[in-house]
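A.B. asks: Dumping the structure here so I can ask a few things about it.
The values are calculated or read from the model by the stated rules, or taken from the named source; none is laboratory data. What you are looking at is a predicted structure, and each value in this text was computed from that prediction instead of being measured. All Cβ positions, even for glycine, are placed from backbone atoms using ideal geometry, and neighbour counts span all protein chains on display.
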Amino acid sequence: MLWPPTVIAVLVAVRHLLLDPNGHIEWFGRDDVYAVSMFAALPMGFAGAIRVAKKSRSSAIVLGACLLAGCLCLAAMSHGISIPENLLAITIARALQSCLTAFAVANLCVGIASLQSPDHPPSNVVGAGQGGQHFLPTWAWLLFGTATIAIPATYTHSAAESLEKKLQESLSSHRVALAWEQCSQLRRLDPGATTADSDLAALEGNLHEQKVQLESEVQQPMPRNISIALIGRRITSLVQLDRNHEALGWIRPMMSGRNFHPISLDFYGLCQQRLEQPAESMRGYERSLKHWERQPDSPGKRNAMISAYKGIAFAARQLGNRRLEEEAYQTLVQLAPTAENHFLLATSYKEHQKTSLAAENAQLAAQLDPLYAEQAQSMLSQLSRDHFSCFLVPR
């Protein structure tokens, strides 16, 4: 059975040619979008290839080879083709590349298989329909064609919406390297999208400049007489680049002893959070909280405790400790009753099926900051649908 290796080899080759110097897949943006687009086109490709092979086995191989050369050339030219920055153009480009690749793979597979089994041509693979046994019925072609376009388009739209939210989160938390990666992917999924009051092309360029600058800074050797300020700047740069393991190497010596600095505890919790180590993240934030609780009141203490409670709540969620998560968010709201914190508490209540409390805090968030009105309304609508009655949700 040569079909699976042939399909995989061609898809890998096309993907390699689509990669730009930064490792981004032109037109497709992400591997999952690329895979969905390609596999959605394969049924129609194989249906067409079987039809060609029934007429002439050798024609299927020749056509497959020509189409393969064409899809490889198109993939190689993707970096130099100037496509208008709109969703329709990029969707057409993806569909063209997918269909060309699928037909190439299918003709090669069917042609080779028919030559290897000359006494058993693949005549029974396609069922009878209008036009006899040699042709698929019209409805089948329409079904395959619709699937080739609709499945990738729907998936890509959903992926773009999710990626846009993640990009906003990365920008707000100053994750420069991750934001640049997400912006580059989103630009290839939906070039017309805008984020942070900027078009994606301009935002991608700005983020790339910041990333290059940060990478240049962390490559500079540290002076012999190193200061806390320089260490703090190096840690901040590494965290913004999501080089968390390297950042932890600078953080750990500052967590105890004569070099102790309280900010190191917060950074430790953050790095472990991004490394998906919730237990260690919890330990860092709890140590930070205990330290600041012993200090006299000040704006610095308040800000540090706000950060610690957010970190503890997030780690508790990852660890499945619902009670601790709610308690942390409740204390956070008491400490800083902002729209953001009320919405965080509302989200926690929503996930824990506490409908009335979730709705109450969502409404408070919208009242405190109109920017949360749309998110609050979306949550209230979802709560009403999930619980089959709007009477459970206060209005």
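A.B. asks: If you check 241, 214, which single one turns out to be surrounded by 12 or more Cβ atoms within 10 Å (Cβ to Cβ), touching a residue at least 40 places away in the same chain (Cβ under 8 Å), closer than 30 Å to residue 261 by Cβ and under 28 Å from the mean Cα position of the chain (by Cα)?
C.D. replies: When all the criteria are applied, what remains is 241.
A.B. asks: Would you pick out the residues in the range 102-118 that are assigned to a helix (DSSP H, G or I) and at pLDDT below 85?
C.D. replies: Scanning the range 102-118 gives 111, 112, 113, 114, 115, 116.
A.B. asks: In the range 279-295, is there at least one residue being within 30 Å of the chain's Cα centre (by Cα), surrounded by fewer than 16 Cβ atoms within 10 Å (Cβ to Cβ) and closer than 26 Å to residue 349 by Cβ?
C.D. replies: yes
A.B. asks: A further question follows. Does residue 101 meet the test of being touching a Cys at 6+ places or on another chain (Cβ under 6 Å) and either at negative phi or of a type in the set (S, T, N, Q) (or both)?
C.D. replies: On the way: touching a Cys at 6+ places or on another chain (Cβ under 6 Å): yes; either at negative phi or of a type in the set (S, T, N, Q) (or both): yes.
Against the criterion (touching a Cys at 6+ places or on another chain (Cβ under 6 Å) and either at negative phi or of a type in the set (S, T, N, Q) (or both)), residue 101 qualifies.
A.B. asks: Further question on the same structure: Select from the range 371-386 the residues that are touching a residue at least 12 places away in the same chain (Cβ under 8 Å) and surrounded by 16 or more Cβ atoms within 10 Å (Cβ to Cβ) and write down the one among them that is farthest from residue 352 (Cα to Cα).
C.D. replies: Here the answer is 372.
A.B. asks: Now a separate question. Can you name the number of the only condition in (1) hydroxyl-bearing (Ser, Thr, Tyr); (2) closer than 29 Å to residue 177 by Cβ; (3) at pLDDT below 90 that residue 56 fails?
C.D. replies: Residue 56 satisfies all of (1) hydroxyl-bearing (Ser, Thr, Tyr); (2) closer than 29 Å to residue 177 by Cβ; (3) at pLDDT below 90 except (2).
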